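*Asks:* Below you'll find the structure I mean.
The values are calculated or read from the model by the stated rules, or taken from the named source; none is laboratory data. As the structure is a prediction and not an experimental result, all values here were calculated from the model. FYI the Cβ positions are ideal-geometry reconstructions off the backbone, even for glycines, and counts take in every protein chain you see. Protein only, heavy atoms only, side chains kept; ligands, DNA and RNA dropped before computing areas. Shrake-Rupley method; radii C 1.70, N 1.55, O 1.52, S 1.80 Å.
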Number of protein chains: 2
Amino acid sequence: MQIAIVLFDRFTALDAVGPYEMLCRLPGAETVFVAQRPGPVRGDRGSLTLVADKGFDEVPAPDIVVVPGGPGQSAQMENETLLGWLRTASATSTWTTSVCTGSLLLAAAGLLEGRRATSHWLTLDGLAAFGAEPTGERVVVDGRFITAAGVSSGIDMGLTLVGRIAGDEHAQAVQLMTEYDPRPPYDAGSPEKAPAALVDRLRAESRLVLR
Amino acid sequence: MQIAIVLFDRFTALDAVGPYEMLCRLPGAETVFVAQRPGPVRGDRGSLTLVADKGFDEVPAPDIVVVPGGPGQSAQMENETLLGWLRTASATSTWTTSVCTGSLLLAAAGLLEGRRATSHWLTLDGLAAFGAEPTGERVVVDGRFITAAGVSSGIDMGLTLVGRIAGDEHAQAVQLMTEYDPRPPYDAGSPEKAPAALVDRLRAESRLVLR
């Protein structure tokens, strides 16, 4: 079972590594980090580099596709090499998945038309322009497409997918081995739970960045 | 504020990237992945490679030290280059932290003697041999040492440390930007919560591996 995790310049590290850490524990899993060109790919903070072991052309038909997000996503929205690979790889994949703004890349490739999907809370509205139906849920399964919300939600998405593929007992073993019994020290992880003033401030700041 | 994240052959990816994703969002943070020699370092599953930008000798006095764990930890327990660096770096650091079996490396360096500390639930008992006091808590703060339990607990540790350094409001902003509102699809993330038969099986399997 080949699992291809897409990398591009300025991806968000946890978007990619969260699902990786769950999915690499599937029986018979072969995970591969894949990019337009093989080699080092820099994350969004300039201090983390993951290596893409293969180029897109070397991984034409993975069983599972994982697309992370990050500030670098916007520069890929018209990259036909990446979008074209997402289309052909998804045509034969069992599951095609995304984390955070990775869903906007799936949407730009035309893969989420008419589907329910999610994204980072700050970019959720952007899905509608591509014919997807945005939902604020943390993990959205629509057919063989699974989209996850911001950054850390890829862990929940990955574990959900492990359960679908290998069954509940194996997924519970993965959860126990990764001690995924989260205890956030605050309760501000979604716009519904965070203080309203904080939500407003981050929304305003993101508009300035996106302008 | 320089944050050094230690890499070694066969580290567990999420142990390193969980805290990274939180701590890199501290104001003025400069994160650096550091290893005995700079260059690519392979994770524990043979399919993920993170790049260490600097060698230990280039990062003599970081403000924060983060030590991940993973199956490769046992091969480092007598590596005096790594243990010696942990000692000197910790002598001047503001915070020295670990995730998973990374605490055994801190313990082997003599840094946890007389301190309360945690580790992956399967290796918790190993701390006592080095004079540390094992506790099953998810995140343990003892003085300027913070140890976290298995794999995913590094996210909670990282966010806790962000709050201590930059205050609750900044930590909440980091939590909201990373949408850290976890919803595990199962409730088997600790030996107390998982089915007893599963805990017993994983314990027996780990004894075979460790023998």
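*Asks:* Given labels modelled 7 Å from the Cα in the Cβ direction, how far is it in nm from A:A61 to A:K193?
*Replies:* Distance between the two pseudo-spin positions: 4.3 nm.
*Asks:* Please check: in the Gaussian network model of chain B (C-alpha springs, under 10 Å), which one of B:R115, B:R45, B:R183 has the largest mean-square fluctuation.
*Replies:* Answer for the Gaussian network model of chain B: B:R183.
*Asks:* Non-local amide H neighbours of B:T31 (under 5 Å, H modeled in plane, Pro and chain starts lacking H): which ones?
*Replies:* B:I3
*Asks:* At what distance in angstrom do the alpha carbon centres of region B:28-47 and region A:1-59 lie from each other?
*Replies:* That distance is 15 Å.
*Asks:* Name the most mobile residue of B:D181, B:D63, B:D15, meaning the one with the largest mean-square fluctuation, in a Gaussian network model of chain B with Cα contacts below 10 Å.
*Replies:* The residue that fluctuates most here is B:D181.
*Asks:* Pick out, from B:P134, B:G70, B:L26, the residue whose Cα sits farthest towards the positive end of the charge dipole of region B:2-185, with +1 on the Cβ of Lys and Arg and -1 on the Cβ of Asp and Glu.
*Replies:* B:G70
*Asks:* For A:A52, what residues show an amide H to amide H distance below 5 Å, using hydrogens built from the backbone and excluding near sequence neighbours?
*Replies:* Those qualifying (amide H under 5 Å, at least 5 residues apart or on another chain) are A:G39, A:V41.
*Asks:* Next question, about the same structure. From the P(r) of the protein assembly as shown, could you give the percentage of C-alpha pairs in the tail past 31 Å?
*Replies:* 34 percent
*Asks:* Next question, about the same structure. Given B:Q175, B:A61, B:T49, which one lies farthest toward the positive end of the charge dipole of region B:2-185, if we put +1 on the Cβ of every Lys and Arg and -1 on the Cβ of every Asp and Glu?
*Replies:* B:T49
*Asks:* Quick one: with label points 7 Å out along Cα→Cβ, list the inter-copy distances for B:G110 in nm, shortest first?
*Replies:* B:G110 label point versus its equivalents elsewhere: 6.7 nm.
*Asks:* Dipole magnitude of region A:2-185 about its Cα centre, charges +1 at Lys/Arg Cβ and -1 at Asp/Glu Cβ only, in debye to the nearest 20?
*Replies:* 160 debye
*Asks:* Classify region B:118-211 as rounded, prolate or oblate, taking a ≥ b ≥ c as the square roots of the eigenvalues of its Cα gyration tensor: rounded when a/c is under 1.5, otherwise prolate if a/b is larger than b/c and oblate if not.
*Replies:* Taking the square roots of the gyration eigenvalues as a ≥ b ≥ c, region B:118-211 is oblate.
*Asks:* How much of B:K193 can a 1.4 Å solvent probe reach, expressed as accessible area in Å² and rounded to 10?
*Replies:* Only protein atoms counted, so the area is about 90 Å².
*Asks:* OK, next. How much length is gained if the chain between B:A204 and B:R144 is pulled fully straight, taking 0.36 nm per residue apart and subtracting their Cα-Cα distance, in nm to one decimal?
*Replies:* Gain in length upon complete extension: 18.1 nm.
*Asks:* Now for a different question. Arrange the residues B:T101, A:T81 by how much accessible surface each exposes, largest first, with a 1.4 angstrom probe.
*Replies:* A:T81, B:T101
*Asks:* Further question on the same structure: Measuring nothing but label to label, 7 Å from Cα along Cα→Cβ, what are B:G55's distances to the other copies in nm, shortest first?
*Replies:* Counterpart label points of B:G55 in the remaining copies fall at 3.3 nm.
*Asks:* Please report, in debye to the nearest 20, how large the charge dipole of the protein assembly as shown is about its Cα centre when each Lys and Arg carries +1 at its beta carbon and each Asp and Glu carries -1 there.
*Replies:* Charge dipole, the protein assembly as shown, about its Cα centre: 200 debye, nearest 20.
*Asks:* For B:A197, place a label point 7 Å from Cα along the Cα-to-Cβ direction in every copy; what are the distances to the other copies, in nm, shortest first?
*Replies:* Ordered by distance, the counterparts are at 5.3 nm.
*Asks:* Let me ask something additional. Run the numbers on chain A and let me know its relative contact order in percent, using alpha-carbon pairs under 8 Å that are six or more apart.
*Replies:* Answer for chain A is 18 percent.
*Asks:* So for A:H170, A:H120, what's the accessible-area order with a 1.4 Å probe, most first?
*Replies:* Putting A:H170, A:H120 in descending order of accessible area: A:H170, A:H120.
*Asks:* If the viscosity is 1.567 mPa s and the temperature 4 °C, what Stokes-Einstein diffusion coefficient in µm²/s follows for region B:2-185 when Rh is the Kirkwood radius over Cα pairs?
*Replies:* D = 81 µm²/s.
*Asks:* For region A:135-188 and region B:145-211, compute the distance between their C-alpha centroids and round to whole Å.
*Replies:* Between the Cα centre of region A:135-188 and that of region B:145-211, the gap is 13 Å.
*Asks:* If the elastic network links every pair of Cα atoms under 10 Å, which of A:V59, A:V151, A:V34 fluctuates the most in the Gaussian network model of chain A?
*Replies:* Taking springs between Cα atoms under 10 Å, the residue moving most is A:V59.
*Asks:* A follow-up question, please. Of the GluC sites (Glu not before Pro) in region A:134-211, which ones lie in a loop per DSSP and count no more than 12 other C-beta atoms within 10 Å?
*Replies:* A:E192
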